[in-house]
Every structure is written in C-alpha cells, then in structure tokens.
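Notes follow once the structure below has been shown.
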Amino acid sequence: MTNIRYGHTSSVLKNGKVLVTGGYGINTSLNSTELYDPSNGIWKTSSSMRNARVWHTESVLEDGTVLITGGINYNNSYLNTAELYDPIGGTWAMTANMNNRRCLHTASILFDGNVLVCGGINIYSNRAEIYDPLLRIWTVTSNMSDAREYHTASVLLDGKVLVAGGRGVYSSTPQIYQYYSPVARLIGVDTPNNQPAPNLLNSDGTVSSLYSNGIGQNSSELYDPSTGIWTLTGSMNTGRYAHSASVLASGKVLITGGIYNDTLLNSAELYDPSTGIWTPTGRMYYERYDHKASVLQNGKVLVTGGGFGKNLYTAELYDPRTEKWTPTGNMNSARIWHSASVLNNGRVLVAGSSNDNIIHNTAELY
C-alpha cells in the first residue's frame, strides 16, 4: 500500500477493485484512502476522506457508493460523522451525522438496502440506528437488549441480523491510559469503571491501552428489519469479544476466537438460526483475537493472523462439512488489525497491520 496503516477498513467495490480507508499511521489516525486493482496488482492513492478515522465501518451500498461511519479521529474523539465515496468520480461527500458517536461498532447492509449500525464505544452502546441511502438520513430504531462493543453482526439468510458477544460500556468516565511494553509484551489496563476502547501506537513504541477489564459477553440477539425489534436468542457457550463471525452457505454462523476474561480463545461455535442454539465446533490450532475470517468461494473459511501474545503469521481453514480446521500456508508478515478482502477471482487480499509495534503497508494474496 502507499501508506502504513492498521485498524483500517476495506471493501470490494462493484468494479472489483478494493477500497482501503483510514486506520492508524504514524502517531495519528488517517484520512487517506487507496485502491487496489486486482488486474495488475497495483495500489493507487484515491482522494482523502473529510475526516481522519480509525476503528470505523465501511459498507458498499446498492448503488455502488461506499458509506463510512464513526471511528476515532486524530484527537482521539469518537465520531458521529458519516461520509460517502463515489467510485466513479473518486470523490468523498459528507452525509447526515449519526445520532450517536461510535467506534468499534458494526454496520450491516439489510435486504432493503438500508444500513443498520449498532453498538460501539459510547455511553449509549445499546443504541442502534438505520441509514437510508435514498433519503440519506439516519433514523433511530429500537435499542439492543445489551450494550456492547467489539461485537459481531451477521446478516442471516432470512434477512434478520444476528449480533453476538462483545463487551458492554458501563460509564462515561474518561479513560485512564496505561501502556504496552515492547519488551515485556504485556498490555497494562487501568480504566475507570471498565471503560473500553482500542489501542493507539505512541511515538516511543508503546501502545496506549484503552482496553477494559470487562468479561466478554455470551449473549446474542436478533434484529428483525420488518418490525424494528430486537429479540434475545440463545447464548454462546463462551463469552467473547474481538472475535470473528462468518455466515456459512448453510445459513449457520461460525464464531471464532476472541477474548474472554483476559483469556485468549481458540474455541469456535456454530449458531443455527432454525433453532436459535449455539453448538461448539472444532477448535482452531491457535488462540487468536482481532484476526480476520473470510468465507471462500468453496465454502471454507480462511482465518488469518490476530494476536496471541505475539502477533501471528499463521492461517487456517475451517471445513463446514467436517467441522475441522486445517493449517494452511503462513502469511509472509505477522498481522493484527489488518484487513482481508475476498476478491472476485476468489483470492484473498490481506493488507496492513501492526506487528511488534511496527505499522506495515505490506499486502499479500492467498
């Protein structure tokens, strides 16, 4: 890539190119964006967003434009701003602000083309709202049963949205930061009332830790777009946050890894929408959090990187037919907080990361 970054987002545009936006660079969040062209393997800088942001969301709308929401800016302030990218002109335009400031939230494209945004770090983390791309306005919808950030949201085959895990936010008290030691490789935590947030790299190589002591939630709930109502469904067998979620061809949802009560997880489980029940499935070979999971064209799930004391080079494949994991080739660089995009040709593009306190601009294909 042109810029070093982590905590960025990526999406495959309707023309097959990959748009990468924002993230964290050298001592600041970024407003820069760039495009990857799979036909020639070249990255090209695109126009900059109006707001620098990290830990935001990126969604490709039905008309091909890209909606960016929330995140944290260069002042470490949570954002309620949203903007739209036009792939034809390569330009950005502000759209209506969200009703709440958010980062580490989720954005889900519903069957009607609207976008559901829910949770994230703010003092109202159970709140949700809907973006209408035609009217370009936000409308508040019903609150989730549980406040949560660092959760996952999956659009099911019936159009409902499954939200699982994450951590709650318990106070609006400002965070107190401790630091990550590159020598000890340990994250210190000292935040009032378990207030959570992401990590930011400092110029001296340490990382400001905004993680909380909270235990990952095991609750999950369903949003019905036809009624605008949330309903609790079965609880996961293990609470977790910083995990991944993948909708399989069968319609089931695969949850992998994450953190529970400061313990890194290699466990995985399946949600069956027909019963509302979670069932343990095969364990990954490695504990990992903040990894990426990509559903391949053959139906298998590729998991890459993530954290495990030291960031991981490893990758592994889940076969839904056997419910077993198989190691696959290692990445050339260890990665956490990277992006992973399934290209139209079936290959997977991974890009960026923070590894051993060095931010990378490298990219590779699987």
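Numbers for the structure displayed
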| quantity | calculated |
| --- | --- |
| Failed criterion for Met94 (all others in (1) assigned to a strand (DSSP E or B); (2) over 18 Å from the mean Cα position of the chain (by Cα); (3) farther than 29 Å from Thr28 by Cα hold) | (3) |
| Tally, over region 2-24, of residues that are part of a loop (DSSP other than H, G, I, E, B), of a type outside the set (Val, Ile, Thr) and surrounded by fewer than 22 Cβ atoms within 10 Å (Cβ to Cβ) | 6 |
| Filter result for the condition that a residue is at negative phi and surrounded by 22 or more Cβ atoms within 10 Å (Cβ to Cβ), over Ile42, Ile72 | Ile72 |
| Matching residues in region 33-68 - criterion: being among the acidic types (Asp, Glu) and part of a loop (DSSP other than H, G, I, E, B) | Glu62, Asp63 |
| Subset of region 223-246 [in contact with a Ser or Thr (Cβ under 7 Å, 6 or more places away or on another chain), crowded, with 18+ Cβ neighbours inside 10 Å and assigned to a strand (DSSP E or B)] | Trp230, Thr233, Ser244, Ala245 |
| Some residue of region 290-311 being touching a Ser or Thr at 6+ places or on another chain (Cβ under 8 Å), more than 29 Å from Asn237 (Cβ to Cβ) and part of a loop (DSSP other than H, G, I, E, B) | no |
| Any hit, region 302-313, residues being buried (at least 17 other Cβ atoms within 10 Å of the Cβ) and either closer than 19 Å to Ile42 by Cβ or touching a helix residue (DSSP H, G or I) at 6+ places or on another chain (Cβ under 8 Å) (or both) | no |
| Residues of region 262-285 classified as among the aromatic types (Phe, Trp, Tyr) and buried (at least 20 other Cβ atoms within 10 Å of the Cβ), total | 2 |
| Looking only at region 97-147, and only at residues there that are small (Gly, Ala, Ser), in contact (Cβ under 8 Å) with a residue 60 or more places away in the chain and outside any strand (DSSP E or B), the one that is farthest from Ile215 (Cα to Cα) | Ser142 |
| Region 289-335, subset of a type in the set (Val, Ile, Thr) and within 14 Å of Glu364 (Cα to Cα), residue farthest from the chain's Cα centre (by Cα) | Thr314 |
| Test result for Asp63, surrounded by fewer than 22 Cβ atoms within 10 Å (Cβ to Cβ) and under 27 Å from Thr362 (Cβ atoms) | no |
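Read-outs: derived from the displayed coordinates by stated rules, not from any lab. Please read all numbers here as calculations on a predicted model, not as lab measurements. Cβ atoms come from the backbone with ideal geometry, glycine included; neighbour counts cover every protein chain shown.
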